[in-house]
Every structure is written in structure tokens, then in C-alpha cells.
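The structure appears below as C-alpha cells.
Values in this text are rule-based calculations from the coordinates and carry no lab data. Predicted model only: the values in this text are computed from it and were never measured. Cβ placement follows ideal geometry from the backbone for every residue including glycine, while neighbour counts extend to all protein chains displayed.
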Amino acid sequence: MAAPVMNKSAESPRTSSQTVTLGKSLNLGLRAAMEADPKVIVMGEDVGKLGGVFRITDGLQKDFGEQRVLDTPLAESGIIGTAVGLAIRGFRPVCEIQFDGFIFPAFDQIVSQVAKLRFRSQGKINLPMVIRVPFGGGIGAVEHHSESPESYFAHTAGLKVVSCSNPVDAYWMIQQAIRCDDPVLFFEPKRRYYEKAELDFDAKPEPLFASRVLRKGTHATIATYGPMVKTCLESAAAAAEEGKELEVIDLRALSPMDLTPVYDSVRRTGHLVVVSEAPGEASLSSEIAARVQQECFYSLEAPILRVTGFDAPYPPSKLEEEFLPDLDRVLDAVDRSLGW
Amino acid sequence: MSSPEQWTHPEPGVGPAATAAKPTAEQVIAGLRATSEGGPELVQLLTPEGERVPNSQWDPYVSDVTAEDLRNLYRDMVLTRRVDREANALQRQGQLGIWVPLLGQEAAQIGSGRALKPQDMAFPSYREHGVAWTRGVKPTELLGIFRGTDHGSWDPLANRFHLYTIVIGNQVLNAAGYAMGQRFEGKVGDDDGEATICYFGDGATSQGDVHEGFVWASVYDAPLVFFCQNNQWAISEPTERQSRLPLYQRARGYGFPGIRVDGNDVLATLAVSRWALDECRHGNGPVLIEAFTYRMDAHTTTDDPTRYRLSDELEAWKLKDPIERVRVHLVRHMDTENEFFDQVQDESDQLAAELREFCQNMPEPPPGRMFSEVYAEGSPVLDAQRDAYLEYAAGFDGGEH
């Protein structure tokens, strides 16, 4: 059990910073959100006693009780469909979808009800709910456990979609998503759950729907999000050794996207590489490419290149290293762009 | 297992239903249709001939219903039917894009709707114009959906009547969640407790969301009345395409009571719904009610029932009309004068005239509406699209383009 970092009691001064994993950050963020608002409830498969298959909700049921942390029946449409009713009633449900590939039974409720109810009611009903989805590959899993379905949801009007890439963002973004009065799909880079960082609890967080430049550079811009952020930062470090300075932008918000920092960057560098694990066809990466070419047409010195998962179903895990964009594929794209 | 009766009412100890139930197609149909003609499973308090059937189990739930109350139920049904017929006509005249008739289902909807207490919540599908009436939603507020000016204009929280849900079965899970919330907030357990009622049809019982709704409501002891209007037809598909088992019997597999009521009997529907809602508000939910009724008109105004059902069936159901039996009862047994019926008729004509007048004068929604209220906290991307489109559209104003 972690120290009660969000304890508001003046007598017990809390640690103002702590080294935490991304998973632990989410856990602390959920705990803080639940302490701040009694209407916040957590629901999903195995999120109670077990603490979730990734332990993101570890200890929450013990501390907040079974009516605020619900081990639900095993049916995803049921999780989301009942969360809609709970949200209408005034709760703020935080639903966990156990793995990316299991979200599809809930697709109907998400697209037909979650996304549309506010519009249908012309603002009389809000659905302040969060749908947490551990996503992406790289963990050697069986089928349906490594997918990147975020584009489906970014494509759906009425939903907001975000993805965190590091422990600090995870802590703040989950709380901001829960406070948001719109339904938010919250994509968690599951292979980064054990990445560590120093988390300053007194820091002022970035706004939720804002992208951020993580590394400044002058030669080319890389736009990415989620699990690929680390890959791209490593790529930029390697490129720097060869004298190429890459600017790396973590999009964070996937719908609506905040592309202004990308436009600003591309206007300086003239080169853009978009990196995502998801298959590229009709995806967020194609959307980014379309918008940047429209906004930065005269600044571009090369076509926008994309490094993505392939347009094939996610492969058996022995092949996933070939499927997933890695440092070499990113740098290859950078070289092709710079050499155009 | 030879006769339909045996199959429909398996005795305890006969064996697991899964092995005992191997009915022939004829047995399935006979079981599904076993109904008013004396079937003990169907709750009926008012026969199609307008005679009151004493029933020791259910009479207590309507013992307070006076002649005046019954006249009010009659009035509700007549007005609801008049609105329905007027709207159907408005569609035929091009004033509405489509209409979803409720003809024949007035008793199921008024009986259950009038069983609700003010604190209760209702989740309709899209044919619940009668329930809407009982929740104080004006008939004019239904029209926008069918004229294409909005997706539902009433306030679902103020009326405690959720917006129509068109995707079959979705609302059952939403209702289950809402009812869970009532329980979590401690609003269940006494006479003042809250309950939720959820409407769906025989076709919806095949949907996964309805099954999941049954599971959720039962394992969380949600105060939810599942109100299935079995109107015999899911567009062109008969109930036997959805189930081998009479629908109310499904409840047993989920661990809560199921009951079949004559959905054309407003008194029986009122009694059974009051009982079910009381069970729920006292913490004994959920409950499934199968209101056995008949869709006297088409699925919607775009449908053609002559392609899939015989007029004999319709004629047989006309004899079980939900309004006529109450009228007969009021005349024969409750000293109701013609003056009352004339007055209700006048009132319904006036309501229809108002509906027509309102419909023909409904304003078109402004183009900006399609961008509004998509998000509570806005979206710069959508805002930019709206601004660009409105500027583009403004370019057409008064010009030749």
C-alpha cells in the first residue's frame, strides 16, 4: 500500500514527489479522483479484489468499498451500457476494458449511446464517463491482447480520446479525464506500465487536450503518441549522435487533436514523420498527414511519411517486433524524408 | 413431452429444461401463444367483453381504483390512440417522415405508465407514446423525431422519461445502470423508494444487451422492471423466431420473477406493474413483465404487414381491443353516461387538431444546430468546422451562386 499521497490532513505532510511506474501513477490518479468526488466509481472485470489484470486499480475496492469499485459481470457491452445509466443518474463511472481487443462487444453502446446521447438530448444529458483501455503490443501476448483500436473512436463524433505516454502524464491525465464532462476514451500504453519517472504531486499539470513538444529539434519533426513516444525519443537520441536534431511531439490528445505545435514545428523543420503502432490505413496517422499538408503545404520539403503497424491483423507475438515500429524504422523514415 | 401444455409448464423435477425441452415447432408456437382463453399464466382482470374477473392475488393492487380512475384510464387510452392516428395521418400527408404506430398497445402502456410514481424513471424504446403521455411529455414533443427536426425535444430528467432509443435493446442496459444507481444511492427499501421501468419488445429479447441487462440487474439487485410488450411481431418476424419459451419464463433462468399479463387489459397491466414496481422499490427487484398484446398497425408507416401476416389474425385481435372493453365495463357496471364518452371524444379531436397545427408550423432547425451540444466542453476542431461551414453557407445568402 502506498503512502496516502493525497491525504488532505494538514497534520500529515505528504511526500511532494515520488518515483513511480506508469501503472502506479494511474492507480494514484484514480485514488485521488475517487477521494475528490464521491460520485466517481470504478467498474470492470476483475478490478476489485484482484486490482485488475495489470493491478491498475489495486487496493481501491478495499479502501472505497464494493459500491464504488465494481467487479462486474463478464460482458463489455454491459459494463459500458450500465455506465451510461449510472452517468445519467449522476455518477462518474470509470470503466476498465481489460484489453484493447475486448472493446468491440461494447462498440455498439460506445458509438450509439455514449457518443450521441448529449447531442440527442441537445445538452440536457451529460455523460461524464471514462473508458480506460490498455492498448498496444510488445508484451508477447496471444491474439486480441495487443491491438491499437484508437482510430475507431477518434473517428466517432461525440467521444474524446486521449493517450498518456509516461507516468507524470498518466497521473494528471486520468484525473482530468474523470473531471471532464464529456465521455473520454483513455488509452494506456500497456507495455509502458512499468516505466518509471519522478512524479511531483505539487506540479501544475498541462491541459488534457494539449499536445506537447518533448524534445526540441531543427531537422525533422516526429509526431507520435502512447507507447511510441518512448521509441521516438530513443530514435531522436540516436539521431542526435549523427548530428540530426529531431523534434518529438507527444500528441496526448487524439480527439480533438491539438496539432498547432505540430504545424509550428513543421514550418521550421519542413519534414514530418508520423509514428503509430496502429495500422496506417484510414487512421489517426493518415488524419495527421492530411491536416498537416493542408496547413503547412508551402513549408514541407518532403512528403509526410508514416511509420505504422501494417494493414494486417496483429501477428502472433513471435512476429510482433517486425510488426511494431522501432528505432530503425523510425530513423529510416527520417533519413528518407531528409534525403528527399 | 407430447402436448404444448406439458412443455410450456414443465413440472418441477421433470429434469433440466435444456434436456426436457425438445418441442416441435407446433408446440413452440402453441406455447408462445397460450394466452387469454383461460390460461392460468395470463393475468387478466377485465375480459375482452368488459367483465371484471375477480382475482384474489391481483385485486388488492387495484382495489383503490374508483370509477373515476377507470374513466381517466379510458381517457388516457382514447387520447393516446387519437394522437397516434393523427400522427399516422400526418405521415400519410407528408407532414412527418415516418411514424411508429402504437395502435393496440394503449392498455399496456397506459397501465404500466400510470403505475409509476413521480420518483420513478422510465426508459422507452421508440413506440412508447402512451407511456410518454403518462410522464407528462406532450404529444407535440414527440413529433420532432418523426419530422426530422430533432432527436427528441423533451427533458428526459425533468420528465423522468428517457429519450427514445432506436438501437434495439441498448436502453435495457442503460436502464439497468440507472437502477443500480438508485440502489447505490440508498433510494430503495421502503414505500418511498425509487424504481425504474424499461420498455422493449419481443424482438429485443434476442439482443445481447437485453440478456446482459437481465444479468446486471439481477446480480446487483437493481430496482428495475423489465416491461416487454410482446406485440407478436418484430417487423415481419413472429415471436417464435425469437424464442422457444414464452418470454416471461426467461426470467426464471436469471433468478427473478417473470409474469405474463394481458397487455390489452389496462386494469391488469396497472395491477401487475404496481406490484412489480413495489417489489423493486422495496429492494426485491428486478421483475420481468411480459405484456401480451398485439401490434394492430404496421411496424412503421414504411412497413406493409400484408406481406407477412393474415388479416384473420388482425380480426381476432380486434375483438380484444384494449379500449372497447373498458368502455363496455364503464357503461354496464359503472353508470357512465354517453356524455362522458362524447366529452372524451371532443377532447381527443381538439388534441389532434392542436397536434396537426403544431406539426405544420414546426420551424426548421438552423444549420448551426448540427454542430451544437456535441460536447459539454467543446472541441476546437468541430468549432472550426462549424465556423467554416456557416461562413460558406452565408455566401449563398441573397446571391446567385
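Could you tell me how many cubic angstrom of Cα convex hull volume the range A:212-338 has per residue?
That works out to 96 Å³ per residue.
At a 10 angstrom cut-off on C-beta neighbours, averaged per residue, how do the peptides B:367-377, A:76-86, A:226-236 rank from highest to lowest?
Packing order, densest peptide first, comes out as A:76-86, A:226-236, B:367-377.
With unit charges on the beta carbon (Lys/Arg positive, Asp/Glu negative), name the residue among A:VAL84, A:VAL161, A:GLN175 whose Cα is farthest towards the positive pole of the charge dipole of the range A:18-200.
A:VAL84
Taking the convex hull of the Cα atoms, report for the range B:278-358 its projected area averaged over all directions, in nm². Please list the in-between numbers first.
Working: hull surface 39.8 nm².
Taking the Cα atoms of the range B:278-358, their convex hull projects to 9.9 nm² on average.
When the scattering of chain A is computed by the Debye formula from its Cα atoms alone, each counted once and equally, what is log10 I(q)/I(0) at q = 0.11, 0.15 Å⁻¹?
-0.71, -1.25
Report the Stokes-Einstein translational diffusion coefficient (µm² s⁻¹, integer) for the protein assembly as shown, Rh taken as the Kirkwood radius over Cα pairs, at 10 °C with viscosity 1.306 mPa s.
After rounding, the answer is 56 µm²/s.
I'd like the orientation of helix B:208-219 relative to chain B: the angle between its Cα long axis and the longest Cα principal axis, in ° from 0 to 90, rounded to 10.
That helix lies at roughly 60 degrees to the long axis.
Taking each residue in A:70-78, count the Cβ atoms of any other chain within 10 Å of its Cβ, then average. What number comes out?
Values: counts 3, 1, 4, 6, 2, 8, 1, 9, 12.
Counting other chains' Cβ atoms within 10 Å and averaging over A:70-78 gives 5.
To the nearest 20 debye, what is the magnitude of the charge dipole of chain B about its Cα centre, counting +1 on the Cβ of each Lys and Arg and -1 on the Cβ of each Asp and Glu?
Numbers: 36 positive and 61 negative charges, 191 e Å.
That gives chain B a dipole magnitude of about 920 debye.
For the range B:114-219, taking Cα atoms only, what is the radius of gyration to one decimal and the Dmax to the nearest whole Å?
Calculated on Cα positions, Rg and Dmax stand at 14.0, 43 Å.
Please work out the Cα center distance from the range B:214-236 to the range B:240-282, rounded to the nearest Å.
9
Over the Cα atoms of the range B:29-360, each weighted equally, I'd like the Debye log10 I(q)/I(0) at q = 0.10 Å⁻¹, rounded to two decimals.
Ignoring solvent entirely, the Cα scatterers give -0.54.
To the nearest 20 Debye, how big is the dipole of the protein assembly as shown about its Cα centre, given +1 on the beta carbon of each Lys and Arg and -1 on that of each Asp and Glu?
860
Distance from the Cα centre of the range A:182-210 to that of the range B:31-108, in angstrom?
Comparing the Cα centres of the range A:182-210 and the range B:31-108, I get a distance of 56 Å.
Give the value in nm², to one decimal: projected area of the alpha carbon convex hull of the range A:89-141, averaged over all directions.
Here the figure is 4.3 nm², rounded to one decimal.
As a test, work out the antiparallel percent of DSSP beta bridges whose residues both lie in the range A:164-322, rounded to the nearest 5. Present the calculation step by step, with values, prior to reporting the outcome.
Values: 4 of 18 bridges.
Of all bridge pairs located within the range A:164-322, approximately 20 percent are antiparallel.
Based on the Cβ-Cβ distance of B:PHE358 and B:THR300, what FRET efficiency does E = 1/(1 + (r/R0)^6) give at R0 = 22 Å, to the nearest 0.05?
Calculated value: 0.55.
Nearest 0.05, what FRET efficiency do B:ARG241 and B:GLN57 give at R0 = 25 Å with Cβ-Cβ as r?
Working: r = 32 Å, r/R0 = 1.30.
Efficiency, rounded to the nearest 0.05: 0.15.
Return, for the Cα atoms of the range B:190-247, the radius of gyration and Dmax in Å, separated by a comma.
Cα-based Rg and Dmax for the range B:190-247 come out at 13.2, 43 Å.
What is the spread of the Cα atoms of the range B:197-282 along each of their three principal axes, largest first, in whole Å?
39, 31, 17
Which entries of A:LYS116/A:LYS318; A:LYS160/A:LYS190; A:LYS39/A:LYS124; A:LYS62/A:LYS190 show an alpha-carbon separation above 30 angstrom in the structure shown? All intermediate terms of the calculation are to be shown ahead of the outcome.
Working: A:LYS116/A:LYS318 40 Å; A:LYS160/A:LYS190 20 Å; A:LYS39/A:LYS124 19 Å; A:LYS62/A:LYS190 24 Å.
Listed pairs above 30 Å: A:LYS116/A:LYS318.
Over all alpha-carbon pairs in the range A:26-169, figure out the percentage whose distance exceeds 27 Å.
18
Name the residue farthest towards the positive end of the dipole of the protein assembly as shown from the options B:VAL100, B:VAL43, A:TYR225, assuming +1 on Cβ of Lys and Arg, -1 on Cβ of Asp and Glu, about the Cα centre.
So the residue we want is A:TYR225.
Mind checking the mean number of beta-carbon atoms from other chains within 10 Å of the Cβ atoms in B:379-385? Mind showing how you got there, number by number?
Numbers: counts 8, 6, 8, 3, 1, 1, 0.
Mean inter-chain Cβ contacts per residue within 10 Å come to 4.
Using only Cα positions of the range B:163-226, each an equal point scatterer, no hydration layer, compute I(q)/I(0) via Debye at q = 0.23 Å⁻¹ and quote the log10 values to two decimals.
Ignoring solvent entirely, the Cα scatterers give -0.88.
Which translational diffusion coefficient, to the nearest whole µm²/s, is obtained for the range A:115-225 from the Stokes-Einstein equation, given a Kirkwood hydrodynamic radius over C-alpha pairs, 37 °C and 0.692 mPa s?
207
For the pair B:ALA89 and A:ALA237, how long in nm is the line joining their label points, each one 7 Å along Cα→Cβ?
7.9
With angles folded into 0 to 90 degrees, how steeply does helix A:228-241 sit against the dominant principal axis of chain A? Use alpha carbons for both and round to 10.
Taking the Cα atoms of chain A, the angle to A:228-241 is about 30 degrees.
Semi-axes, largest first, in whole Å: what does sqrt of 5 times each Cα gyration tensor eigenvalue give for the range B:68-138?
23, 14, 9
Could you work out how far apart the two model spin labels at A:THR218 and A:ALA290 are, taking each label as a point 7 Å from the Cα in the direction of the beta carbon, and quote it in nm?
For A:THR218 paired with A:ALA290, the spin-label model returns 3.5 nm.
As an exercise, use a Förster radius of 51 Å and the Cβ-Cβ distance of B:GLU315 and B:ARG369 to find the FRET efficiency, rounded to the nearest 0.05.
Using R0 = 51 Å, I get an efficiency of 0.65.
What is the local net charge at B:GLU339, summed over the other residues whose Cβ is closer than 14 Å to its Cβ (Lys, Arg +1; Asp, Glu -1)?
Spelling it out: positives minus negatives among the neighbours equals -2.
Could you tell me how far the Cα centroid of the range A:100-120 sits from the Cα centroid of the range B:140-187, in Å?
Cα centroid to Cα centroid, the span is 16 Å.
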